[in-house]
There are 2 protein chains.
Amino acid sequence: MKLRCKLMDVLSSSPMCGLDPADCLELGVKENDRIRIVGPRGEMTVLMMCSDDFVEVGTLLVSPAILKRIGASDGDMVDVHYSPSPESVRVIRKKMDGLKLDAKEIEAVVNDIYAGSLSNIEVSSWLTSLYINGMDLEEIAAFTNAMVETGDRVPFEKGPIYDFHSLGGVPGNKITPIVVSIVAAAGLILPKTSSRAISSACGTSDFVETFCDIEVTTDRLKEIGESVGGAFVWGGSMNLAPVDDIVIKIEHPLGINPRAQMLASILSKKLAINTNYLLVDIPTGAGTKIPTIEVARDYARDFMDLGEKLGMHIECAITYADQPVGSAIGPNLEARECIRVLEGEEHPASVIEKACECAGILLEMAGYQDGAVKAREILKSGKAHEKFLEIVVAQGGRADLKSSDLKPGDYKVDIISTKAGYVHSINNKDLVAIAKACGSPTDKGAGILLLKKKGQRVEVGDVLFTLYAENEAKLTRARDLAEKYGPVLIEGMLIKRVSAQQFR
Amino acid sequence: MKLRCKLMDVLSSSPMCGLDPADCLELGVKENDRIRIVGPRGEMTVLMMCSDDFVEVGTLLVSPAILKRIGASDGDMVDVHYSPSPESVRVIRKKMDGLKLDAKEIEAVVNDIYAGSLSNIEVSSWLTSLYINGMDLEEIAAFTNAMVETGDRVPFEKGPIYDFHSLGGVPGNKITPIVVSIVAAAGLILPKTSSRAISSACGTSDFVETFCDIEVTTDRLKEIGESVGGAFVWGGSMNLAPVDDIVIKIEHPLGINPRAQMLASILSKKLAINTNYLLVDIPTGAGTKIPTIEVARDYARDFMDLGEKLGMHIECAITYADQPVGSAIGPNLEARECIRVLEGEEHPASVIEKACECAGILLEMAGYQDGAVKAREILKSGKAHEKFLEIVVAQGGRADLKSSDLKPGDYKVDIISTKAGYVHSINNKDLVAIAKACGSPTDKGAGILLLKKKGQRVEVGDVLFTLYAENEAKLTRARDLAEKYGPVLIEGMLIKRVSAQQFR
């Protein structure tokens, strides 16, 4: 039947449409049935809502996403048909029933998620089924390939391409520009695409954008990678495996990230830039995504086996992550700490160590001996800093960039210890919540500077950490949270020393 | 933070709201985070959408369901807060992990679904988890009780209350008014609440409303039940276990009806009317919800065990359902066939048999011997017809109602056999699709009259079935579908006779 489009006064990126009950009857559909909408430049199949209050007879209320897809405008007439459930709904039920899917079936689901033909209801059921029933490696490889196919690729002509990826979950992990600069200074190509914060306080892209552009086209990434050797851009600025962005929004309220989805999401973005050698950093410990070393080893095994199926050489580094990497959390603070290390500063040791260990593994994958030693040499020699500035300039930043250019917010408050003792533990999740309350990652000056880390001696009145914000309201809110949570736990003495004294 | 409500130009019964990205940042939330909206007469926690195109800074776009719940109007200022995930989200994850839930946990989920605090995404995940991981009987009993608590109850003072329920899935099942009339004529109370078609061609309420009112209050149902003894009303007109209505809309696109949800939905509506004795009809066979006798037996066992936990005496009847009950499908056609049987007509035998067998079991539950024989006596004696008219009058119908008052639609077409042989099988699902194409259940005159059923001899040119509609377009559409599907399968000879002839 023919209906006149009326643009919906909202919302969200997902496709939505509504019909009047009289038109529903005429069409033989009811709420949450699927209709196919045919416009001048495309068609789309979506779940339908039914309302007698807000849709007039003869009109089809549509969200902007639908108009865009079918190439119609507000007021245009379009053809609307009843549509039976697509094949992908049957595939989702098959996974609910615990059965193995073939490549074509997985492709049907991925394509329909991307096309908007599967609603939130169905994508949620898919993710829940993946969470419960899982996928074997053959299925995950097919899943990864299907995700690559929905997006663009970076057409590198030179190679091999090196890359690394951290599973995340540890705050203050600002090693990316350091690793990229060391590896590229050694002559390898490492065109790193990073993300912004999803649930964390500050993603790599959130702090890199304080000193250079992070949005590039696939062609520009190719140019930079092939000429300079390294890059640290925002993956979200390109259309790499875009189905992931839809899925993340559904995973978020459920608080799940099914193993199969996680592996396919990561590796599809790597396949899309043609990665040949990949290092995966698996931060492990309380408060991260990977609670124990056993789980970390399982993931490592999966990554390496999957790499084999996908034609990518993958190695993994299991890193301990029961406290932040370095001292700074928040965009300007992390950028400053990162650049200081490149400038030759020898603190914080944890940043230098993690960056050089990771760069070292990548160098060894390229045939170097004693990679970590080589990485430290490149860092100390100033070559990494030189390469870093070259990349910054290629990404539109200034050639005379200095760490001192990056300034924390004007509003600050010190959090003081009321106890003497040793730092027993630091709660990553609490720190993330406090940094977000400060305004990170949107307010670039907002964040936390840790002055005491695990095992350090603290006296009454010592500053444990300092909060920075760009306005007073957020600073107050963050301070209240810091006092409520108490993320830095002081014990009378270190557990190790208890034993030592007992045996004395 | 304070925001001004703006009524959303749509849709659907589910609560939805949207914020501008600037307000999202200010509030520290992002798409699919949950916000708590506090209005003058209530508060509500809902998932939030984020759009820079359609929401102005400082406004909160809300669906009508939210305004109603919090008691605010378009333009009112309301308080909006970030809200962490409710306890029920943790419970859903627990069920995803295959763990057993206690009564409080199940209550939290049911209450949050009812309150609109859980979105489609989370309800879908819950249903998928129930489908895959299931519930044991103790959990289902708690689930049932929680569902009852969300709605009203019918405060019967007389008793005991008898009831019956069919799991459905077989078209033409018009026995309800006959069973109710027989059982009430014997002096028992059977206040039957039925439903409209969900996926079928015609629910009991869809054909009962052709000859009397079906919408009543809980008080009126009590009055009718206690004075007349029987009723056949629409359960949807009362607020019995209303959470079911929300769940059905999510199950529909997924095409699932998890065992735990199905059992709890049915029994909660029975508990809400205080049922003491319940008969469950389990139609079994190809094309119904219950494919095999083994599955039917499992359900029967579950129903009886659950009844024990819930203080309800439950018996089950497993009925064969590989073709429609009787000959008529569609509101007026089914009403006419049903009333004809009450008037004394001796066809179709399948309707009389099923009605008397079911009524007989209920009579035996009340202490009668040979219930089915007794039921047939009551039907033959005209007492059931008398009681039927008494109920019709109590529900606002005419005392002189006759089967001949019910007329099929003016547009009809005969579907003719092009083959001679015996009817080998009849496809229920195809018939349902064809009846819906005719316009059933909305167009009261629309439907199908089957002239040949399984095992009957057919000659070339015989009418297999007749389609009725209220307009020509729908008749044409239905005829095309009938020709495409061929729902009545004719074989050269019955399979039984093949053997007989071979051994002759």
Q) So, in the stretch A:444-474, of the ones that are within 14 Å of another protein chain (Cβ to nearest Cβ) and among the hydrophobic types (A, V, I, L, M, F, W, C), which residue ends up nearest to residue A:199 (Cα to Cα)? A) A:446
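Conditions (1) touching an Asp or Glu at 6+ places or on another chain (Cβ under 7 Å); (2) part of a helix (DSSP H, G or I); (3) open to solvent by less than 20 Å² (accessible area, probe 1.4 Å); (4) on the phi > 0 side of the Ramachandran plot, marked per residue:
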residue: A:294; (1), (2), (3), (4): no, yes, no, no
residue: A:297; (1), (2), (3), (4): no, yes, no, no
residue: A:307; (1), (2), (3), (4): no, yes, yes, no
residue: A:324; (1), (2), (3), (4): no, no, yes, no
residue: A:338; (1), (2), (3), (4): no, yes, yes, no
residue: A:368; (1), (2), (3), (4): no, no, no, no
Q | Flag if residue B:225 is small (Gly, Ala, Ser), open to solvent by 30 Å² or more (accessible area, probe 1.4 Å) and over 20 Å from residue B:337 (Cα atoms) | A | no
Q: Would you mind stating whether residue B:89 is buried (at least 18 other Cβ atoms within 10 Å of the Cβ), over 32 Å from the mean Cα position of the chain (by Cα), within 12 Å of chain A (Cβ to nearest Cβ) and not in a strand (DSSP E or B)?
A: no
Q: Give the residue, chosen from B:214, B:198, that is touching a His at 6+ places or on another chain (Cβ under 8 Å) and assigned to a loop (DSSP other than H, G, I, E, B).
A: B:198
Q.
Taking the conditions exactly as written (farther than 18 Å from residue A:225 by Cβ, touching a residue at least 12 places away in the same chain (Cβ under 8 Å) and crowded, with 20+ Cβ neighbours inside 10 Å), does residue A:401 satisfy them or not?
A. no
Q) With respect to the numbered conditions (1) modelled with pLDDT of 90 or more; (2) more than 21 Å from residue B:173 (Cβ to Cβ); (3) open to solvent by 40 Å² or more (accessible area, probe 1.4 Å), which one is the sole condition not fulfilled by residue B:500? A) (1)
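Residues are listed down the side, and each one gets a yes or a no for (1) over 26 Å from residue A:357 (Cβ atoms); (2) touching a residue at least 60 places away in the same chain (Cβ under 8 Å):
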residue: A:158; (1), (2): yes, yes
residue: A:166; (1), (2): no, yes
residue: A:192; (1), (2): no, no
residue: A:215; (1), (2): yes, no
residue: A:254; (1), (2): yes, yes
Q: Can you tell me which residue within the stretch B:444-462, out of those that are outside any loop (DSSP other than H, G, I, E, B) and of a type in the set (A, V, I, L, M), is nearest to residue B:480 (Cα to Cα)?
A: B:448
Q. Does the stretch A:67-86 hold any residues that are outside any strand (DSSP E or B), surrounded by 14 or more Cβ atoms within 10 Å (Cβ to Cβ) and within 13 Å of another protein chain (Cβ to nearest Cβ), and which are they?
A. A:67, A:68, A:85, A:86
Q. Here are some residues: A:116, A:98. Which one is surrounded by fewer than 17 Cβ atoms within 10 Å (Cβ to Cβ), of a type outside the set (D, E, K, R) and either closer than 16 Å to residue A:260 by Cα or at pLDDT below 95 (or both)?
A. A:98
Q | Selection status of residue B:68, of a type in the set (D, E, K, R) and within 30 Å of residue B:216 (Cβ to Cβ) | A | yes
Q: For residues that are part of a loop (DSSP other than H, G, I, E, B), surrounded by 22 or more Cβ atoms within 10 Å (Cβ to Cβ) and more than 10 Å from chain A (Cβ to nearest Cβ), scanning just the stretch B:425-443, find the one that is nearest to the chain's Cα centre (by Cα).
A: B:441
Q. Only one of (1) of a type outside the set (Gly, Ala, Ser); (2) open to solvent by 50 Å² or more (accessible area, probe 1.4 Å); (3) under 27 Å from the mean Cα position of the chain (by Cα); (4) over 22 Å from residue B:250 (Cβ atoms) fails for residue A:131. Which number is that?
A. (4)
**Q.** Residue list for the stretch B:266-283, restricted to those being open to solvent by less than 10 Å² (accessible area, probe 1.4 Å) and assigned to a helix (DSSP H, G or I)
**A.** B:267, B:268, B:270, B:272
Q) For the stretch B:245-286, which residues satisfy the criterion of being over 15 Å from the mean Cα position of the chain (by Cα), away from every other protein chain (no Cβ under 14 Å) and not aliphatic (A, V, I, L, M)? A) B:274, B:275, B:276, B:277, B:284, B:285
Q: Taking residue B:475 as the residue in question, decide whether it is in contact with a strand residue (DSSP E or B) (Cβ under 6 Å, 6 or more places away or on another chain) and open to solvent by 40 Å² or more (accessible area, probe 1.4 Å).
A: no
Q. Residue check: is residue A:53 open to solvent by 10 Å² or more (accessible area, probe 1.4 Å) and at pLDDT 85 or above?
A. no
Q | Subset of the stretch B:136-172 [in a loop (DSSP other than H, G, I, E, B) and open to solvent by less than 30 Å² (accessible area, probe 1.4 Å)] | A | B:150, B:151, B:154, B:156, B:167, B:168, B:170, B:171, B:172
(Q) Could you check the stretch B:34-50 and list, in sequence order, the residues that are without any contact (Cβ under 8 Å) to a residue 60 or more places away in the chain and either buried (at least 20 other Cβ atoms within 10 Å of the Cβ) or not in a loop (DSSP other than H, G, I, E, B) (or both)? (A) B:35, B:36, B:37, B:38, B:39, B:42, B:43, B:48, B:49, B:50
Q: Quick one: residue A:446 ticks every box in (1) out of contact with any Phe, Trp or Tyr (no Cβ under 7 Å at 6 or more places or on another chain); (2) open to solvent by less than 20 Å² (accessible area, probe 1.4 Å) except a single one, so which number is it?
A: (1)
(Q) Considering only residues that are open to solvent by 10 Å² or more (accessible area, probe 1.4 Å) and of a type in the set (Val, Ile, Thr), which ones fall in the stretch A:243-255? (A) A:246, A:248
Q. If you check every pair at least six apart or on different chains, which have Cβ atoms under 8 Å apart with a residue in the stretch A:138-149 that is small (Gly, Ala, Ser) first and a residue that is not in a helix (DSSP H, G or I) second?
A. A:142/A:101; A:142/A:102
Q: Inspect the stretch B:141-154 for any residue being over 24 Å from the mean Cα position of the chain (by Cα) and more than 30 Å from residue B:326 (Cβ to Cβ) and give the result as yes or no.
A: no
Q: Scan the stretch B:53-66 residue by residue and report those that are more than 10 Å from chain A (Cβ to nearest Cβ), closer than 19 Å to residue B:29 by Cα and of a type outside the set (Val, Ile, Thr).
A: B:56, B:58, B:60
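The values are calculated or read from the model by the stated rules, or taken from the named source; none is laboratory data. Small disclaimer: the values here were computed from a predicted structure and weren't measured. Every residue, glycine as well, gets a Cβ built from its backbone with ideal geometry; the counts of neighbours run over all protein chains shown. Just the protein is used for accessible areas: all its heavy atoms, side chains included, with ligands, DNA and RNA removed. Shrake-Rupley method; radii C 1.70, N 1.55, O 1.52, S 1.80 Å.
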